[in-house]
Amino acid sequence: MAHLVQYIYIVSAALFILSLKWMNSPASSRRGVFAGSLGMLLAVAGTLIGFPGSNGAGIGNVHNWEWIATAMVIGTVIGVPIAYIMPMTAVPQRTALSHACGALAAALVGTAEFYQLQPQADTELRGFVMVALAVETLLGFLTFTGSLMAMGKLQEVLPQRPITYKNQNAVNFTLFAIAVALAVRLVLVPTDTLLFPIFIGLSLLFGVLLIIPIGGADMPTVIAILNSYAGLAACAMGFALNNNLLIVAGALDGSSGLILSIIMCKAMNRSFTNVLFGAFGQIQESHAQAQQRPYRSASAEEAASILEAASSVIIAPGYGLAVAQAQHKVRDLYDNLMRRGIDVKFAIHPVAGRMPGHMNVLLAEADIPYDRLWGMEDINGEFPQCDVALVIGANDVTNPAARADKSSPIYGMPILDVDRARTVMVIKRSMRPGFAGIDNDLYYLGKTLMLFGDAKAFVTEILKELPAPAAVAK
Ligand code: NAP
């Protein structure tokens, strides 16, 4: 039986790795989600089968089944509605909430282990096990409060602006140093139980203080970092409980979160150190300003005739498309133009929307063929030959200031070169700025036409002006 459990763990670990690999592409992502879920089911089943009895010898000897079953039912009753109720645009908040729960679970298991092993503290809690427990509880508790703060900021329950005060970094470092010093003391003298609640309190407080100086605008990146912390907490838990699968799963979670945050930082031209120490977020607010410059706007009728006359169109989707839930109407527009023999492609910026992959998921939902979705690096060379760049609810990721204006907070961020197309049309509701809170130079170019309105409503209006053509797919 013990061998069976190890085999189950190996299959689970393989499924987790395949899951990450398959989730890399929209075409295989559903398979990836299924593989990950199956891996987790096997992991839970294997752990329950292999649980040693109270005498340490038995297999399949889990006590308190009713507690485990109750916890699973409660988790399902809370988790399933959350998945359905929360809209796609709130995915970052939902992710933050799941990290908070996962991290709290790891921290509570660490706390329970600490007190449970107290009677044999001198032998069982010495050295490596206590180090693992300290890492697990520190990261678990700070990720718990940090993720709740991140969720509060994104949901606008808490102020989005960075909350700063004098010597903030010094205070944070001191607090962290005290927590680490307590952890070292607990490793050396694990029977010093009075220190443990103080250690927990400091970890919880550090989680809050770490996040408050960071502006709401950078919360998605912070969430990816917290994801990595939650994974590391789970990995440490694996060492403390001597569970190989937890070590593997935690390490995969920790490293994938880290890689994701690095990708996001690169795509926004942010420094990783800056994210960790919460120094940014303030710049963006100070740059929020409205500029009074002339721009041109057009009606749906005019937009339709420009599209009709084009032979190539590149659609650049952004957060506004997700808010308006315009993906199905955009699919209708794509079908309509393709049937007219017009070449239509989609330009996907790595941080368009609010989470990496946001646009891919949205467009996949509307069954837009994957081979029509082009990544930024591949599509940018195509804009100069393109007749119309149609920007739908995207803003920052198309702002040419990122290339030219050294004073811009987004200077250096790679963008979609929509301004190099022959004509640019932008669907959005107003001249208001996007996520970064800055004006977009694109809107004032002579070749740009602003199409004011809700993305779904405006695309519907354009479609009314473009009667369904006979099928002449290119
Ligand atoms: P954006 O800069 O936030 O702009 C979205 C635009 O959509 C807004 O200017 C808004 O203008 C418009 N909009 C909102 N609702 C709309 C509706 N119903 N119909 C039509 N338009 C609507 O979005 P983005 O260009 O996708 O850029 C993403 C931003 O998020 C970047 O700054 C990026 O750095 C940041 N970010 C992304 C990630 C990620 O992983 N994706 C992570 C961290 C940060 P109106 O109000 O005028 O309509």
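Considering segment 258-280 alone, what residues qualify as being in a helix (DSSP H, G or I) and either open to solvent by 30 Å² or more (accessible area, probe 1.4 Å) or modelled with pLDDT of 90 or more (or both)?
Of everything in segment 258-280, those that are in a helix (DSSP H, G or I) and either open to solvent by 30 Å² or more (accessible area, probe 1.4 Å) or modelled with pLDDT of 90 or more (or both) turn out to be 258, 259, 260, 262, 263, 266, 272, 273, 274, 276, 277.
Would you confirm whether or not segment 95-104 contains a residue that is more than 16 Å from the ligand (Cβ to nearest atom), more than 23 Å from residue 229 (Cβ to Cβ) and open to solvent by 50 Å² or more (accessible area, probe 1.4 Å)?
no
Can you tell me which of 372, 340, 354, 432 is farther than 21 Å from residue 295 by Cα and near the ligand (Cβ under 7 Å from one of its atoms)?
Going through 372, 340, 354, 432 in turn, the sole match is 354.
Inside segment 377-392, can you point out the residues that are within 10 Å of residue 427 (Cα to Cα) and either open to solvent by 20 Å² or more (accessible area, probe 1.4 Å) or assigned to a helix (DSSP H, G or I) (or both)?
Within segment 377-392, no residue meets the criteria.
Do you know which of the residues in segment 18-37 that are within 19 Å of the chain's Cα centre (by Cα) and touching a residue at least 40 places away in the same chain (Cβ under 8 Å) is surrounded by the most Cβ atoms within 10 Å (Cβ to Cβ)?
In this case the residue turns out to be 29.
On the basis of being under 23 Å from residue 32 (Cα atoms), modelled with pLDDT of 90 or more, buried (at least 17 other Cβ atoms within 10 Å of the Cβ) and out of contact with any Pro (no Cβ under 6 Å at 6 or more places or on another chain), does residue 348 make the cut?
yes
List pairs: first in segment 163-175 and over 18 Å from residue 201 (Cβ atoms), second assigned to a helix (DSSP H, G or I), Cβ under 9 Å, 6+ apart or cross-chain?
164/282; 165/171; 168/209; 169/277
Pairs only if they're at least six apart or on different chains, beta carbon under 6 angstrom, first in segment 290-309 and open to solvent by 50 Å² or more (accessible area, probe 1.4 Å), second assigned to a helix (DSSP H, G or I); list them, first residue then second.
Sorted first by the residue in segment 290-309, then by its partner, the pairs are 293/444; 295/443; 295/444.
What helices (runs of 4 or more DSSP H) lie completely within segment 67-176 and have 2 or more residues being charged (D, E, K, R) and either under 27 Å from the mean Cα position of the chain (by Cα) or within 21 Å of residue 218 (Cα to Cα) (or both)?
Passing ranges, in order: 127-154.
For segment 420-474, what are the residues that are touching a Gly at 6+ places or on another chain (Cβ under 6 Å) and of a type outside the set (A, V, I, L, M, F, W, C)?
Those that are touching a Gly at 6+ places or on another chain (Cβ under 6 Å) and of a type outside the set (A, V, I, L, M, F, W, C): 428, 474.
Give segment 435-474 a look and list any residue that's away from the ligand (no atom under 16 Å from the Cβ), of a type in the set (A, V, I, L, M, F, W, C) and modelled with pLDDT of 95 or more, or say none.
445
The values are calculated or read from the model by the stated rules, or taken from the named source; none is laboratory data. As the structure is a prediction and not an experimental result, all values here were calculated from the model. A quick note on method: Cβ atoms are made from the backbone with ideal geometry, for glycine too, and the neighbour counts reach across all protein chains shown. Only protein heavy atoms, including side chains, enter the accessible area calculation; ligands, DNA and RNA are left aside. Shrake-Rupley method; radii C 1.70, N 1.55, O 1.52, S 1.80 Å.
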